[in-house]
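Asks: The structure under discussion is supplied below as structure tokens; questions concerning it will follow.
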Amino acid sequence: MRLLFLIVFIGINAFSQKINLGDLRGFQNSSLDTLKQEFYVYMEDRMLTVNLNNFKKHITPLTYEAGLSPGNGYLSFLPIRIQDSIYFVSSAGGMVYTIKNDTIKRIDKSFDHGMQYGAQVFEHDDTAFKYGGYGFWSNRDFFTYYDKKQDEWEVYHPINSEIIPTGSAFYYSIKNKNLFHVFGGRIVNPDNRRQQLNNDEVWTFDFKNSTWEYRGKHDPIDEPEINISFDNKLILIKKNRMTLIDVQGNSKTIYNNSPISAQTNGIRHAVYANGKFYVIITNTTGAYLNIVEKEDFFGKKIKEARFFKNQGYWFKKGGLLLLIMSAIILILWFLKKKFVDRNKIKLLDNGLRYHLKFTEFDQESMKIIKLLLSENEVPSSSILQIVEKEQYSPAHNERIKVQKISDINIKIATLLGIQEALITSFKSSKDRRIRLYKMSKEYFNLKGFSK
């Protein structure tokens, strides 16, 4: 056990800078100011500032304005940094708090309406926004924003959108410049408003065009212990793995945990900026700010797949399946044809081949066979012309013809191993004086055959 702890400890120190944060009693939140290069840790009665250039720390005592009571977690709301100010915004109600002159103040003129539980708070165009949320047996399907001039919340309308997603709460979101991606979470069952259903739809709102776009559906998401915004993507971390979701690129990449990300029980807060992760971890030895390069925060890549599937995906999938099925049918047809062709007689110049057996025929017999194969019905006179000899009488030539056809039938039947005579004769239905001959062609491979 000690060896395992030592290995993990060495691994963590090898891939990160660690800053001892001291006593985090009353911890509520943390934030990062990339311009000032300062990291802030907020507790009930004090704020710890860490200078990221020299790692010096400074404690600032905090007080509360009249009407606010310690212990209510005002600073536990999501911190939104807008220009030089930081706001702590409630997702459930309209409350907005800030720190001015080392005093925690409430600055909004709204009220705790409790109608947006599970809403996501984010910054856009130097303004705090919220989307969705649950309250009073329904979910919001619109945005609200904090009007700093009025110190109140206003509704934001998607004026150019003909479609909007079903309102959701406790969802996941990714903010990428003018794009706001939302997926997962819970929706209210319209047939039973006391019931919450899992949401599997992915939507993107474009603030530039003020439009919603439906992207598709994703597989179920296992609820993570931690999620972190990362380079316009989202990291979902569980004890045994981490998943990187990229809605814009429609990908879901699964990694093993690194020594840092594996400490899900100890991570109190994490944020990413400019190629580094800033992670507060508490353990038996104390509380530390770990600064980790992004390459070291991820473990080994396990696999990558599409995140969502839409109609285009299924059309493509169906088209690919149809192509595969067509190819299989074509191959089966080709193999069957090859098999059938192999089980038929092949014509050669001097005889017939069937499998590995060969029967030689004289030139007159080959002419008769080819003539019968080229026509459906052949008059007796046409066959007679092939075998007749001038020195013999018509009756004798007729006997030669009959014997030649009989020999051909016997040889082909022997080649095939059957009793059936392939060449048969019958009287013409138009003129009973004319005898016709025909041959069963199904036993022959006539591919490329010419008379």
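Nothing in this text is a laboratory measurement; each read-out follows from the coordinates by a stated rule. No experiment lies behind these values; they were computed from the predicted model shown. Don't worry about glycine lacking a Cβ; one is built from the backbone with ideal geometry, like all the others, and counts go over all protein chains shown.
Asks: Can you put HIS157, HIS113 in order, fewest other beta carbons within 10 Å first?
Replies: HIS157, HIS113
Asks: Under 5 Å between amide H atoms, partner at least 5 residues away or on a different chain: which partners does TYR64 have, H built in plane at 1.01 Å?
Replies: Amide H to amide H, under 5 Å and 5 or more residues apart or across chains, TYR64 pairs with ILE104.
Asks: Separate question: Check cross-link reach from LYS370 to the aspartates and glutamates: straight Cα distance under 12 Å, and skip same-chain residues fewer than eight apart.
Replies: List returned: ASP349.
Asks: Over 23 Å between Cα atoms: which of LYS344/LYS367; LYS367/LYS441; LYS149/LYS276; LYS427/LYS447; LYS404/LYS447 fall into that group?
Replies: Over 23 Å Cα-Cα: LYS149/LYS276; LYS427/LYS447; LYS404/LYS447.
Asks: While we're here: Show me, bin by bin at 5 Å from 0, the whole-percent P(r) of region 88-221 based on Cα pairs.
Replies: For region 88-221, the pair-distance distribution reads 2, 10, 19, 22, 20, 14, 7, 4, 1, 0, 0.
Asks: Still on this model: Which aspartates and glutamates have a Cα less than 18 Å from the Cα of LYS56, not counting those fewer than 8 places away in the same chain?
Replies: ASP23, ASP33, GLU38
Asks: Please rank ASP222, ASP33, ASP296, fewest neighbouring Cβ atoms within 10 Å first, as an exposure proxy.
Replies: With the fewest neighbours first, ASP222, ASP33, ASP296 line up as ASP222, ASP33, ASP296.
Asks: Let me know the whole percent of all Cα-Cα pairs from region 226-270 that are separated by more than 18 Å.
Replies: 24
Asks: Moving on to the next point. May I ask you to list the lysines whose Cα is less than 18 Å away from that of LYS177, ignoring any residue fewer than eight positions away on the same chain?
Replies: Within the straight-line limit of under 18 Å, LYS177 reaches these lysines: LYS130, LYS208, LYS233.
Asks: Please give the helix 394-416 orientation as an angle from the longest Cα principal axis of the chain, in degrees from 0 to 90, rounded to the nearest 10.
Replies: Approximately 30 degrees, to the nearest ten.
Asks: If you don't mind, another one. Using the Kirkwood radius over C-alpha pairs as Rh, can you work out the diffusion coefficient of region 15-310 via Stokes-Einstein at 37 °C, viscosity 0.692 mPa s, in µm² per second?
Replies: 162
Asks: When only alpha-carbon atoms count, how far does region 345-445 stretch along each of its three principal axes, as whole angstroms with the largest first?
Replies: Cα spread of region 345-445 along its principal axes, largest to smallest: 41, 33, 22 Å.
Asks: Between 0 and 90 degrees, rounded to the nearest ten: what's the tilt of helix 2-15 against the longest Cα principal axis of the chain?
Replies: 90
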